[in-house]
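Have a look at the structure below before the remarks.
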Amino acid sequence: MAEGLIIVESPAKARTLKRFLGDRFDVLASMGHVRDLPEKEIAVDVEAGFKPRYEVVESRRKTINELRAAAKNDREVILASDPDREGEAIAWHLAEVLKLRSPKRIEFHEITAEAVRRALESPRDIDMRLVNAQQARRVVDRLVGYRLSPFLWSKVQKGIGAGRVSSVALRLVCDREDEIRKFVPVESWTIDVELAKKAADQHFLVRLNRLRGEPTDARADTKLEVRTEAEAQEIVRKLEGASYRVVGVEKKRRTKSSFMPYITSTLQQDASSRLRFAPRRTMRLAQDLYEGIELGDEGSTGLITYMRTDSARISAEAEAKVKGWIKEKHGDKYIGGPRTAKSSPGAQDAHEAIRPTDVNRTPDSIRKYLSADQLKLYDLIWRRFVASRMAPAVYDQTQVEIEGGEYVFRVTGSVLAFDGFYKVWERDEKEEPDLPPLAEGEDLDYHGLKPEQHFSQAPPRYSEATLIKELEQRGIGRPSTYAPIVETIKDHGYVELKERRLYPTRIGEAVNSIMVDHFKVISDDDYTATLEKRLDAVEQGKQEWVPVVSDFYGPLQKMLTNAEEAMPADTDEVCPLCKEGHLVLKASRFGPFMGCSRYPKCKFRRALTPNGELPEPKLLDEACPNCGKPLQLRTGRYGEFVGCSGYPECKYIKKDAAQAEKLTGEKCPMCGEGNVVERTGRYGPFVACSRYPECKYRANIGKDGKPGQGPKLLDEPCPICGKPLVERRGRYGMFKSCSDYPKCPGPKGVKKVEA
């Protein structure tokens with residue numbers, strides 16, 4: 001009979017443990033959390049010291065019954081959930097639900113026979129410090145969500161929500177977008193000279209560095225800056241007929257050390273940039289590798305250590321094994337010296353870095369057992385770990401200074417003298433040019449000047465990886481929360497991923513505007529980082545969890561009261577459009593506005609001026625050409641404009657001078673009825689039919705001021721609607737389509753026009 005029952009979270013982890021333990025223990029999975037706060041109510045009793053009310057997760061009832069049956073007869077029950085706050089909370093909830101009298105708790109950071117044996121030899125009680133740290137985080141996040149969400153529903157859109165940490169992440173994305181909008185590019189120029197040794201075929205470029213007479217080790221702020229084309233042309237003029245001579249050659253050795261082993265954040269960042277994996281995908285694959293993969297005769301085997309960690313240290317045992325492997329495969333000279341890692345803010349150092357459980361299990365040796373994605377991630381983890389214990393790479397670097405006219409040019413070249421850790425890690429740094437041997441005083445041949453214009457670039461939008469890096473550097477979130485934070489702001493529709501960059505949506509910017517204006521403390525990164533530190537203090541037993549929640553909840557209530565006073569639920573003014581709802585003060589990315597309380601059934605909106613007063617539309621002595629009602633001067637998100645007072649029934653907007661149409665005196669070549677008019681669009685001037693949108697004729701105006709070639713009308717009717725076909729140019733060349741497209745899709749299967 002089995003000695004007892006071990007409960008873990010997942011079936012994969014259970015299979016791996018069972019392989020080590022055989023019939024000694026029964027091993028079952030809880031399938032994650034078995035108890036949580038109910039979804040449809042706040043379930044936190046504020047008056048009773050923020051006491052949470054948990055209930056059994058409905059989908060886990062069958063699992064719980066099976067676990068109860070297995071735990072009866074007073075058998076020893078061992079809880080072996082993951083070694084972090086969340087895992088400790090799962091163990092505690094299991095003990096509560098199963099009514100276990102004296103459960104034992106074990107933890108291990110890698111699922112290997114030796115690690116499990118050591119854990120079984122030193123069981124402990126459930127650590128309520130870790131449980132309370134998790135409870136505090138859960139309660140704070142529940143209070144934020146259930147107190148703020150209804151307010152945001154009334155001001156932005158129903159169904160959205162606010163999160164304590166996700167609000168900071170959203171603010172970072174919105175702040176970066178604001179920086180990009182306000183960015184003004186600054187012009188600069190570089191001037192390169194193409195040179196060669198006398199009568200040599202190998203050419204190389206050198207870059208303008210400073211005026212002659214400046215010291216060789218000139219500081220960065222004395223470097224010659226070329227701001228305009230005029231300045232660049234003046235330098236080019238002065239260099240006409242100049243001769244070039246080497247005035248300085250400096251040679252030195254440079255070393256480059258490898259990176260430390262992965263922690264959660266750096267693994268997510270590298271997997272994103274190198275493998276194009278989203279953080280959630282990376283963590284799912286890492287979980288598979290940690291819990292166990294079927295390796296043929298070996299059975300289910302854990303391949304990496306625990307993947308939620310903020311510590312880059314490794315055990316002495318693992319260090320000895322990897323250095324033994326390096327010596328055997330590559331020799332003593334490739335073994336690196338001692339390494340110490342710099343911890344990120346708030347790092348706990350509770351676990352080891354993410355590394356392979358057995359360095360001898362190379363990616364190639366287990367390739368056939370892994371999926372393509374699992375192999376890519378394991379290969380990345382294995383190589384990073386091995387490289388971290390290898391010797392630095394060594395470069396022979398040469399810096400050459402060359403005099404030309406009254407200027408000094410500089411170029412740096414380097415050659416890899418010893419590959420070191422690059423023996424297992426792919427080089428991804430920008431290669432410096434390989435220079436020919438040059439000597440001081442040597443004259444060089446001139447082969448041309450290359451002035452080039454540059455503009456400073458706006459700061460890049462965050463990717464998922466760089467956002468996680470920023471959160472980590474600010475001490476916001478923990479290894480277990482990085483990926484969920486990013487997924488939360490995506491799932492809520494606050495940001496969207498385009499070309500692997502995060503763009504705030506209009507809803508996201510509206511929510512951020514409210515959070516910054518009325519709940520600044522919650523969206524402040526310093527405050528959030530401080531709360532993370534207090535949760536860490538709870539975990540360490542230095543603080544009680546209830547005061548931490550209380551200190552957060554008091555300011556939250558005050559901010560909510562102030563926000564409701566500043567943005568009242570509704571006004572006494574009846575909606576002028578539907579006559580049923582009342583006007584409500586709302587927020588958007590463009591600032592506050594008045595909208596109907598019946599939104600989205602009624603979409604009435606009215607802008608507010610910066611001081612909060614309602615701008616009254618000014619009626620003009622001019623009739624609308626469409627319906628005859630008076631035109632009025634109105635204010636929109638892009639400023640003042642003239643529109644019909646009959647809006648929304650009549651949507652006429654008067655075009656300004658820049659948008660005004662100019663008759664060309666020609667008839668439309670497509671429909672033959674309308675006149676060709678000149679218009680201005682977002683991409684510049686063009687000509688089009690005056691009957692748009694009935695007729696879609698359009699042609700761009702070239703640099704010579706003449707219209708380009710528009711669609712060519714053919715003497716061939718459309719087989720569907722009978723209107724003439726036209727010849728158009730698409731991405732794959734010329735093709736035929738109906739002149740009434742898109743109303744008429746035109747003939748199907750028409751081949752492209754042969755050249």
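Points worth noting:
- Per-residue ³J(HN,Hα) for the range 456-472, Karplus 6.51 cos²θ - 1.76 cosθ + 1.60, θ = phi - 60°, Hz, x for Gly and Pro: 4, 9, 5, x, x, 5, 5, 8, 4, 5, 6, 5, 4, 4, 5, 4, 4
- Scanning residues 5 or more positions from Phe604 or on other chains, those with amide H under 5 Å from its amide H are Cys596, with H placed 1.01 Å from N in the peptide plane.
- Computed FRET value (nearest 0.05) for Glu499 with Lys629, which takes r as the C-beta separation and R₀ as 30 Å: 0.10
- Largest to smallest accessible area among Val386, Val184, Val27 [probe 1.4 Å]: Val184, Val27, Val386
- Stokes-Einstein diffusion for the range 102-239 at 25 °C, viscosity 0.890 mPa s, with a Kirkwood radius from C-alpha pairs, works out to 104 µm²/s.
- Burial ranking of peptide ranges 302-314, 7-19, 241-253 (average Cβ count within 10 Å, highest at the top): 302-314, 7-19, 241-253
- Averaging the sequence gap over all C-alpha pairs within less than 8 Å and six or more residues apart, then dividing by the number of residues, gives the range 8-148 a relative contact order of 22 percent.
- The chain - percent of accessible surface contributed by carbon and sulfur, probe 1.4 Å: 49
- Contact order normalised by residue count of the chain, Cα under 8 Å, 6+ apart, percent: 12
- Each 10 Å bin from zero up to the one holding the largest Cα-Cα distance in the chain carries the following percent of pairs: 2, 10, 14, 16, 17, 16, 14, 8, 2, 0.
- Packing-based order for 449-461, 664-676, using average beta carbon neighbours within 10 Å, highest first: 664-676, 449-461
- In the context of the full set of protein chains, residues of the range 254-364 present 44 Å² of accessible surface per residue (probe radius 1.4 Å, heavy atoms only).
- Proximal charge balance of Asp36 [Cβ under 9 Å; K/R count +1, D/E count -1]: 0
- Counted charge near Gly646, where neighbours are those whose Cβ lies closer than 15 Å (Asp, Glu -1; Lys, Arg +1): +2
- Å² of accessible area per residue within the range 465-554, as computed with a 1.4 Å probe and no ligands counted: 41
- Relative packing of peptides 116-129, 532-545 - highest average C-beta neighbours within 10 Å first: 532-545, 116-129
- In sequence order, the range 238-248 has phi-based couplings of 5, 8, 4, x, 6, 9, 10, 9, 6, 10, x Hz under the Karplus curve 6.51 cos²θ - 1.76 cosθ + 1.60, θ = phi - 60°, and Gly or Pro positions carry x.
- Area of Met594 that stays accessible when all protein chains are in place (1.4 Å probe, Å², to 10): 20
- Rg and Dmax of the range 436-516, Cα atoms only, in Å: 22.8, 66
- Under the simplified labelling scheme, the Tyr692-Arg605 pair shows an inter-label distance of 2.4 nm, with each label point 7 Å from Cα along Cα→Cβ.
- Per residue, the solvent-accessible area of the range 108-147 (1.4 Å probe, heavy atoms of protein chains only, all protein chains present) comes to 41 Å².
- Evaluated with a Cβ-only charge set (Lys, Arg +1; Asp, Glu -1), the chain carries a dipole of roughly 1880 debye about its Cα centre, given to the nearest 20.
The values are calculated or read from the model by the stated rules, or taken from the named source; none is laboratory data. Note that this is a predicted model, so its numbers are computed, not measured. Note: ideal-geometry Cβ built from the backbone for every residue, glycine included; neighbour counts use all protein chains shown. When the accessible area is computed, the model is the full protein with side chains, heavy atoms only, and any ligands, DNA or RNA have been set aside. Shrake-Rupley method; radii C 1.70, N 1.55, O 1.52, S 1.80 Å.
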